[in-house]
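Asker: Quick one: structure below, then a few questions.
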Amino acid sequence: MVNERHLKDLLYEGFARIGKSLSSPKRLEVLDLLSQGPKSVETLSKATTMSVANVSKHLQTLTNSRLVKSHKKGNYVIYELADESILDFLSSLHILSERQFADIQQIKQEFLNDQFQLEKISLPTLKERMENGEVLLLDVRPREEYEKEHIPGAVSMPIEELEEKLASLPSDCNVVAYCRGTYCLMSVEAVELLKKKGINALRLEESVYEWKQFANN
């Protein structure tokens, strides 16, 4: 006879393995970075300001819980999300956290909206204006993230190259900048720089993932 209690215990122990691996803020940040595309330990170390050794430990935990996988590329080990369903999970986690914790919503409001006071653009409006040729969409993420996946029609202009390439932008164009999503400040930096140079610029809060969700509905 099947021991139902024993099976349930095994089942929830399995679920808990995922939960335990997500208990570190830094591991969640690593997953968010990997959601933009594969990265080496060294790249993740620079992005998270952690040592290579610490990043490696976090990646080992995520690998053991089968959230990430890796492969060799020359002298480097490249890590990526183990399954695309993890993108859906991370998005749901962000939404749930904002709904359940007022302080997260407050941080988002005060830091991203009140402090920078940038004008945003919605996905439907962006789509309409792009179709009408009214805006230039800039992807200010690292080039390898753009090459992995980007919003159709976007031009790659990594944030560190933006200032030196401003002269290549049409003087009368309206620009929209996007990066890794709501909590990424590269697009904020880009819009501020563009505005200082007299270019009309807006920020798209959403990421490539959210664009795909919108475009497929």
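Asker: On the accessible surface of the stretch 162-215, probed at 1.4 Å, how many percent belong to carbon and sulfur atoms?
Answerer: Working: 1190 of 2540 Å².
For the stretch 162-215, the apolar C and S fraction of the accessible surface comes to 47 percent.
Asker: With a 4.7 Å Cβ cut-off, tell me which Cys residues in the chain come up empty for a partner.
Answerer: Cys173
Asker: Further question on the same structure: Set the bar at 22 Å for Cα to Cα. Now go through Lys39/Lys108; Lys46/Lys69; Lys73/Lys148 and name every pair that lies beyond it.
Answerer: Lys39/Lys108
Asker: Now for a separate question. Using modelled amide H (1.01 Å from N, peptide plane; none on Pro or chain starts), what sits under 5 Å from the amide H of Leu169, excluding residues fewer than 5 places away?
Answerer: Residues meeting the amide H criterion: none.
Asker: Please report the carbon-and-sulfur percent of the accessible area for the stretch 1-125; probe 1.4 Å, protein heavy atoms only, DNA, RNA and ligands left out. Don't jump to the answer; show the numbers that get you there.
Answerer: Values: 4500 of 8350 Å².
Reported share for carbon and sulfur atoms: 54 percent.
Asker: Which whole-Hz couplings ³J(HN,Hα) result when phi for each residue of the stretch 68-73 is put into the Karplus expression 6.51 cos²θ - 1.76 cosθ + 1.60, θ = phi - 60°, listed in order with x for Gly and Pro?
Answerer: So the J values, rounded to whole Hz, are 10, 9, 9, 8, 7, 9.
Asker: Magnitude of the Cβ-charge dipole of the chain, K/R +1 and D/E -1, about the Cα centre, nearest 20 debye? Walk me through the intermediate numbers first.
Answerer: Values: 28 positive and 33 negative charges, 163 e Å.
For the chain, the charge dipole is close to 780 debye.
Asker: Let me ask you something else. At most 12 other Cβ atoms within 10 Å and a DSSP loop assignment: could you name the GluC sites (Glu not before Pro) in the stretch 6-110 that fit? Write out the running numbers ahead of the final one.
Answerer: Working: sites: Glu13, Glu29, Glu42, Glu80, Glu84, Glu98, Glu110; in loops: Glu84.
Those that pass, being in a loop and sparsely packed, are Glu84.
Asker: With Kirkwood's inverse mean 1/r over C-alpha pairs for Rh, give me the Rg to Rh ratio of the stretch 1-90, two decimals please. Numbers along the way, then the final one.
Answerer: Working: Rg = 15.2 Å, Rh = 14.0 Å.
Reported Rg/Rh, Kirkwood definition of Rh: 1.08.
Asker: On to the next question. In the set [x] 1.01; [y] 0.93; [z] 1.16, which value of Cα Rg over 2.2 N^0.38 Å was calculated from the structure you see?
Answerer: Comparing each candidate, only [z] matches the computed number.
Asker: What share of the DSSP beta bridges in the chain is antiparallel, in percent to the nearest 5?
Answerer: Working: 8 of 19 bridges.
So the antiparallel bridges amount to about 40 percent of the total.
Asker: Right, next: With all protein chains present and a 1.4 Å probe, how do Ser171, Ser21 order by accessible area, largest first?
Answerer: On the way: Ser171 115, Ser21 5 Å².
From most accessible down to least: Ser171, Ser21.
Asker: Specify the angular offset, from 0 to 90 degrees and rounded to the nearest 10, of the alpha carbon long axis of helix 25-34 from the longest principal axis of the alpha carbons in the chain.
Answerer: 60
Asker: Calculate how steeply helix 186-196 sits against the longest principal axis of the alpha-carbon atoms of the chain, using the helix alpha-carbon long axis, and give the answer as 0 to 90 degrees to the nearest 10.
Answerer: Roughly 10 degrees between the two axes.
Asker: For a test of the definition: using alpha carbon positions, the gyration tensor, and the 1.5 limit on a/c, classify the stretch 64-160 as rounded, prolate or oblate. Kindly include the intermediate steps, with their values, before the conclusion.
Answerer: Values: a/c = 1.99, a/b = 1.18, b/c = 1.69.
Note, shape of the stretch 64-160 comes out oblate.
The values are calculated or read from the model by the stated rules, or taken from the named source; none is laboratory data. Keep in mind the model is a prediction, meaning the values are calculated, not measured. Neighbour counts run over all protein chains shown; Cβ positions are idealised from the backbone, glycine included. Each accessible area value is taken on the protein alone, full model and side chains, heavy atoms only, with ligands, DNA and RNA left out. Shrake-Rupley method; radii C 1.70, N 1.55, O 1.52, S 1.80 Å.
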